[in-house]
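Step one of this worksheet: look at the structure below.
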Amino acid sequence: MKQYLNKKSMVIAFIAIAFISFSFQSKFFEVAKQIEIYTTLFKELNKYYVNEINPAQVTNTAIKNTLKNLDPYTNYYDEQEVEAAKIRREGEYGGIGASINYSNKNPLIVSVYKGYAADKAGLKAGDVITKIDNQILKELESEDVSGLLLGVPNSEVSVEINRRGKTLKFKIQREKIEVNPVPFFKKIDKEIGYIVLTRFNDKASSEVKKAFENLQSQGVKKLILDLRSNPGGSLLESIRISNFFLPKGKVIVSTKAKVKKWSNTYTARNNPLDLEIPIVVLINGRSASASEIVTGALQDYDRAVVMGKRSFGKGLVQRYLPLSYGTQLKVTISKYYTPSGRCIQELDYANRDSKTGKIPKFSDAGINTFTTQNGRKVFDGGGIIPDIVTEKESATATTQALLRSRALFNFALEYTSKNEKKISPEKFQFTDSDFKTFQKFLKTDTTFVSKQEKAFKKAYLALTKTEVKGVKKDYNKVLTTLKEQKIKALSANKELIKSQLEDIILNQQFYEEGVYQHKVLHDKTILQAVMVLNNPTKYNQLLSGSK
């Protein structure tokens with residue numbers, strides 16, 4: 001009987017191996033088949049199509065279309081884009097030191113970095129770059145323009161700009177630009193320190209450590225860590241930063257992947273910097289990925305009070321994989337889970353509606369409850385929910401359209417030029433009177449267009465010439481009414497818009513540093529965090545789960 005069972009087990013095992021082998025071969029054959037189909041199609045197209053085609057462009061388009069139905073984080077990079085991605089990860093490059101918007105044909109300088117080449121040469125926010133080394137930029141793509149500005153440190157680049165109708169020329173010596181992920185930290189009262197972390201590049205943990213140790217030397221005994229609008233970055237950097245405040249050996253995050261070797265459990269491997277200091281972590285709807293890993297770990301171990309708005313909800317991990325000819329694929333390889341077992345991914349890209357393109361939410365199927373180390377309830381399926389949700393107005397559709405336009409930036413330029421006498425960042429305030437001035441400015445602005453205005457203009461343009469003559473007067477009247485309604489509707493988000501304008505104006509006058517000098521004194525969420533840290537009873541109640 002025993003021999004029979006052994007033989008039966010061997011037969012079952014053989015069938016299982018054969019099935020797996022067949023399944024693998026079948027899948028491999030299907031992949032090879034599709035590659036061969038594309039290769040033969042490409043050859044025939046290149047050989048016989050009536051006009052000349054650009055092979056690189058055709059392939060690039062095919063790859064982009066292949067990836068667009070997956071998730072927005074799986075991307076292909078050609079040789080030039082690989083270099084740009086490397087810069088973002090490593091946090092340093094050879095350039096002029098300016099943030100540039102490429103939405104129009106000519107690049108617009110949005111801000112200059114204090115003390116770097118562009119700043120020293122005299123470039124300012126609002127300058128429109130028209131030529132680089134005598135190359136006219138109108139017909140170039142944004143990545144080509146970026147390539148002209150980047151270069152070897154100490155090399156020279158000539159730039160021609162338009163500043164409010166005046167043409168100015170500059171010679172700028174490129175230099176090594178190091179993007180500091182901690183642009184600001186400060187002791188903001190007798191015991192509380194504040195650190196803002198804006199990205200998780202390769203310098204993130206070392207800069208946070210440097211800032212924290214500096215604050216400790218000043219006598220700081222409580223900490224606010226600001227991760228608002230931090231889109232994430234390096235998984236390893238998020239683990240190192242979590243480890244600063246969690247004991248060695250604690251699980252910080254785990255990942256589950258299709259490929260077994262990429263399913264890992266990451267633990268704190270070093271001795272922490274501090275296990276006792278009270279911490280408040282600030283997040284908002286634009287805090288994502290690595291920001292959520294740090295926040296989730298500190299929340300699950302009841303190591304910090306989380307305050308702000310629910311985070312973005314990106315529980316996916318990417319890895320860069322080299323391809324042939326210096327190209328690269330950034331591919332989503334796994335989902336990550338916080339120490340309590342939560343996956344905070346919100347959007348279910350695998351079940352996108354093929355007809356409408358709508359992406360369902362994991363929370364639509366139900367939210368699961370987990371518990372922190374102290375037994376507090378926390379949830380999955382849609383970002384990190386703060387322990388204290390700050391009461392902040394949500395942007396209406398009209399306000400969202402405004403924030404996507406250049407209207408705020410354009411007004412800030414005008415405001416700065418008319419108010420040359422600078423007030424210190426600490427004392428600056430964008431008043432209700434200033435907001436009324438901004439609303440008047442919008443009457444002549446052409447960049448801020450509401451959904452209703454777009455629809456109405458589209459309908460008007462569809463009319464024939466004869467029809468246009470009959471309704472032109474009424475069209476202008478209705479358009480004026482729509483604009484007035486649009487501007488009036490912004491009052492619902494007055495405080496939000498004022499805050500955004502304050503940030504832009506301060507950045508133009510006092511760089512990024514000035515924005516945070518103002519925030520630590522006036523930002524409502526930071527002030528609320530200070531109140532919580534200065535109330536040990538409240539702080540401990542929040543972390544213990546008692547009311």
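What residue, of D119, D127, D133, D71, is touching a Lys or Arg at 6+ places or on another chain (Cβ under 6 Å), modelled with pLDDT of 85 or more and among the charged types (D, E, K, R)?
Answer to the check: D127.
Please verify whether S205 is assigned to a helix (DSSP H, G or I), crowded, with 18+ Cβ neighbours inside 10 Å and out of contact with any Pro (no Cβ under 6 Å at 6 or more places or on another chain), treating the condition exactly as stated.
Yes, satisfied.
Look at the stretch 500-516 and say how many of its residues are among the small types (G, A, S) and either in the same structural domain as A125 (by TED's automatic domain parsing) or surrounded by fewer than 19 Cβ atoms within 10 Å (Cβ to Cβ) (or both).
The total comes to 0.
Answer with yes or no whether N410 is free of Cβ contacts under 8 Å to residues at least 24 places away in the same chain, surrounded by 11 or more Cβ atoms within 10 Å (Cβ to Cβ) and more than 30 Å from M307 (Cα to Cα).
no
Which of (1) touching a residue at least 60 places away in the same chain (Cβ under 8 Å); (2) part of a loop (DSSP other than H, G, I, E, B); (3) buried (at least 16 other Cβ atoms within 10 Å of the Cβ) does D274 not meet, given it meets every other one?
(3)
Can you list residue pairs whose Cβ atoms sit under 9 Å apart, with the first residue in the stretch 277-298 being more than 21 Å from I192 (Cα to Cα) and assigned by TED's automatic domain parsing to the domain that holds T198 and the second being among the acidic types (D, E) and not in a strand (DSSP E or B)? Count only pairs 6 or more apart in sequence or on different chains.
A290/E237
Answer yes or no: is there a residue in the stretch 333-343 that is charged (D, E, K, R), in the same structural domain as L275 (by TED's automatic domain parsing) and crowded, with 22+ Cβ neighbours inside 10 Å.
yes
Would you please name the residue that is surrounded by the most Cβ atoms within 10 Å (Cβ to Cβ), looking only at residues in the stretch 118-146 that are of a type outside the set (G, A, S) and at positive phi?
D133
Check whether at least one residue in the stretch 399-409 is part of a loop (DSSP other than H, G, I, E, B) and not assigned by TED's automatic domain parsing to the domain that holds D434, and report yes or no.
Checked the stretch 399-409: no residue is part of a loop (DSSP other than H, G, I, E, B) and not assigned by TED's automatic domain parsing to the domain that holds D434.
Give the residues of the stretch 216-270 that are in contact (Cβ under 8 Å) with a residue 60 or more places away in the chain and part of a helix (DSSP H, G or I), sorted by residue number.
The answer is L235, W262.
Exactly one condition in (1) part of a loop (DSSP other than H, G, I, E, B); (2) within 30 Å of T537 (Cβ to Cβ) is not met by K314; state its number.
Here K314 clears every test but (2).
Determine which member of the set T356, T332 is of a type outside the set (D, E, K, R) and free of Cβ contacts under 8 Å to residues at least 60 places away in the same chain.
T356
Being under 30 Å from Q500 (Cα atoms), part of a helix (DSSP H, G or I), among the polar types (S, T, N, Q) and at pLDDT below 90 is the filter here; which residues of the stretch 438-474 pass it?
Q452
From the list K472, K519, K486, K477, which residue is under 16 Å from A401 (Cα atoms) and assigned by TED's automatic domain parsing to the domain that holds K451?
K486
Can F370 be described as of a type in the set (F, W, Y) and closer than 30 Å to K486 by Cβ?
Criteria not met by F370.
The values are calculated or read from the model by the stated rules, or taken from the named source; none is laboratory data. Source: prediction; values computed, not measured. Glycine gets a Cβ as well: all are built from the backbone with ideal geometry, and neighbour counts include every protein chain shown.
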